[in-house]
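> So that we are looking at the same thing, I have put the structure below in structure tokens.
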Amino acid sequence: MSRIVAAALAATFSSGLMVSPALAQGTKVAIGISGWTGFAPLTLAKEAGIFAKNGLDVTIKKIPQASRHLAIASGDIQCAATTVETWVVWNANGVATTQLFQLDKSYGADGMVVRNAIASIKDVKGKTVAASAPGTAPYFTLAWFLKKNGLTVKDVTVVNMEPGPAAQAFIAGQNDAAMTYEPYLSAVREKPEAGKIIATTLDYPMVMDTFGCTPKFIAENEAAVKALTKSYFDAVAMIKAEPSKANEIMGADVKQTGEQFAGSSKYLRWQDQAANKTFFAGDFNTFSKEAADLLLEIGVIKQIPDLSKLADTRFIQ
């Protein structure tokens, strides 16, 4: 090796260029998400080339929340986005997964829609409610709303429907109530004759989404995990710096214009690095415990997993 080459290599290492992006270069990772507005920065990171810039070869797969854990268990995907309490369910049911960073907090983006004759959540007793299957965010949100009003899921008849079809069926006159989220919740907002939104996460702040991967993927690909985390924060920064361009890209994925997507996304808050540090230092632990207790109460889980092992916050520091 010539002295020139050796000197060049030494300079490369000392300058810090041979760090995470180089080590993550070309790492393949499959991520499972849904069309939920809060997950859109991940789509933006893919479509705007942010993942690729940070050395990742990412495939995003749309998988219903009710079966996303099966895709993880089978190895079809290594990472996913979902609500905080869902990670409790997955780990309790033997699908080992670890949360890495927070994506968003719902500020009215998730809610219950009811017929106009229903005056309060208590009046939903004995009614038919469309909601996703047990173990999903809409079902958990239903249980949470009911519990805060002195009811349980046993007080209603639940018809299992995903958020999009649930909203469409409700607008078409089916069921007394439905659990849905953006962008589908806005479809109900635009049809007041069909019914009304009786409660959202503005009334009951309890929908928080995070991103995580399997412990095996994290252990074997720490540079890639660091790059995934950086890519999310880069996408959030792009939304702030170039809102029109970002909204067009994110909206196209859910068949919305940029303007329509901006309207849907105003009901949530994406979480930057500072917000992540605050969340995992406080609300995360409190909410995880309360959520686990409710999941056990309604029979979604048979035992509470070790809550101290549900997150790895090294990569948001």
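> Taking the Cα centre of each part, how many Å lie between the stretch 214-292 and the stretch 72-105?
With the stretch 214-292 and the stretch 72-105 each reduced to a Cα centre, they are spaced 15 Å.
> State, as an integer percentage, the relative contact order of the stretch 181-317 based on alpha-carbon contacts under 8 Å between residues 6 or more apart. Please report the intermediate quantities before stating the final value.
Details: 61 pairs, mean separation 27.2, N = 137.
Reported as a whole number, the value is 20 percent.
> Turning to a different aspect of this structure: Can you compute the FRET efficiency between Thr286 and Asp155 using 1/(1 + (r/R0)^6), with r the Cβ-Cβ distance and R0 = 35 Å? Round to the nearest 0.05.
Efficiency, rounded to the nearest 0.05: 0.85.
> Another question, then. Do any of Lys230/Lys309; Lys245/Lys277; Lys122/Lys147; Lys28/Lys255 go past 20 Å between their Cα atoms, and which?
From the list (Lys230/Lys309; Lys245/Lys277; Lys122/Lys147; Lys28/Lys255), the Cα-Cα distance tops 20 Å for Lys230/Lys309; Lys245/Lys277; Lys28/Lys255.
> Also: Any chance you could give the angle, 0 to 90 degrees and rounded to 10, that helix 283-297 forms with the longest Cα principal axis of the chain?
The two axes meet at around 50 degrees.
> Still on this structure, please answer the following. Place a point 7 Å from Cα of Lys125 in the direction of its Cβ. Which residues in the stretch 178-218 have their backbone N less than 18 Å from it?
It comes to no residues whatsoever.
> Also, quick follow-up: Hand me the trypsin sites (Lys or Arg not before Pro) from the stretch 128-183 located in a DSSP loop with no more than 16 other Cβ atoms within 10 Å, in residue order please.
Lys148
> Quick check on my link table: of Lys62/Lys196; Lys127/Lys266; Lys125/Lys196, which ones sit more than 21 Å apart, alpha carbon to alpha carbon?
Long pairs (Cα-Cα over 21 Å): Lys62/Lys196; Lys127/Lys266.
> Given the DSSP H assignment, sum -39500 (n - 2.57) over each helix run of at least 4 residues in the chain and divide by its residue total; what's the result at 222 nm in deg cm²/dmol, nearest 500?
Result for the chain: -13000 deg cm²/dmol, rounded to the nearest 500.
> Right, here's the next one. In percent, what relative contact order does the chain have, based on Cα pairs under 8 Å that are 6 or more apart in sequence?
On the way: 562 pairs, mean separation 84.6, N = 317.
The value is 27 percent.
> Let me ask something else. Leaving out ligands and nucleic acids, note down the accessible area per residue over the chain with a 1.4 angstrom probe, in whole Å².
Per residue, the chain has 44 Å² of solvent-accessible surface.
> For Asp283, tell me the accessible area in Å² from a 1.4 Å probe, rounded to the nearest 10.
Rounded to the nearest 10, that gives 80 Å².
> If you don't mind, another one. What do you get for the angle between helix 243-253 and the principal long axis of the chain? Use alpha-carbon atoms, 0 to 90 degrees, nearest ten.
On a 0 to 90 degree scale, this one is about 70.
The values are calculated or read from the model by the stated rules, or taken from the named source; none is laboratory data. Since the model is a prediction, treat every value here as computed from it, not as a measurement. Here the Cβ is made from the backbone with ideal geometry for all residues, glycine too, and neighbour counts use every protein chain on show. For the accessible areas, the whole protein counts, side chains as well, though only heavy atoms, and no ligand, DNA or RNA atoms are used. Shrake-Rupley method; radii C 1.70, N 1.55, O 1.52, S 1.80 Å.
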